[in-house]
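Worksheet for the structure shown next.
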Amino acid sequence: MAKLMIVDDEIDVREFAANFFRKRKLDVQTAGSAEEAIEKIKADRPNVVLLDIRMGGMSGIRALEEIKKIGSAIQVIMVTGTKPEESDAGEQCRRLGASDYVHKPLKLDELEQVVMNAVSKIP
């Protein structure tokens, strides 16, 4: 079973997405901060991480760098309220190894497609 970690400092977003993907038969863990996520990823490596860019404490971009050091095969999907074309964050995330990029407000059909596409790439 594919393991998905959802990292977002907004508990409503985090829990809604977790329940959505649990219904799709994914093993889902959550973290409320980048720091918490990194510790959990070290202990129980997920296949896919849905990672918010803007959080209190460590940013999602910095967390992406750390996650890729832990496991380069971990697929990381970045989530932000800013569209990639409106900032350099999208390019920076791609350069650091993000597999995809979605923006808030999350559209469930788009989110499902992006996450399930990442899951399909798991060896």
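Just one of (1) surrounded by 15 or more Cβ atoms within 10 Å (Cβ to Cβ); (2) at pLDDT below 95 fails for V115. It is (2).
Considering (1) touching a helix residue (DSSP H, G or I) at 6+ places or on another chain (Cβ under 7 Å); (2) over 13 Å from S99 (Cβ atoms), the lone condition that I74 does not fulfil carries the number (2). For M55, the conditions (1) modelled with pLDDT under 95; (2) surrounded by fewer than 19 Cβ atoms within 10 Å (Cβ to Cβ) all hold with the exception of (2). Restricting attention to region 25-52, the residues being in a loop (DSSP other than H, G, I, E, B) and either surrounded by 16 or more Cβ atoms within 10 Å (Cβ to Cβ) or within 12 Å of the chain's Cα centre (by Cα) (or both) number 5. Is it the case, given these coordinates, that A43 is out of contact with any His (no Cβ under 6 Å at 6 or more places or on another chain), more than 16 Å from L108 (Cα to Cα) and free of Cβ contacts under 8 Å to residues at least 12 places away in the same chain? In short, yes. With the condition kept exactly as written, say whether any residue in region 84-94 is in contact with a helix residue (DSSP H, G or I) (Cβ under 7 Å, 6 or more places away or on another chain) and assigned to a strand (DSSP E or B). Looking for residues that are in contact with a helix residue (DSSP H, G or I) (Cβ under 7 Å, 6 or more places away or on another chain) and assigned to a strand (DSSP E or B), one finds none in region 84-94, hence no.
The values are calculated or read from the model by the stated rules, or taken from the named source; none is laboratory data. Keep in mind the model is a prediction, meaning the values are calculated, not measured. Neighbour counts run over all protein chains shown; Cβ positions are idealised from the backbone, glycine included.
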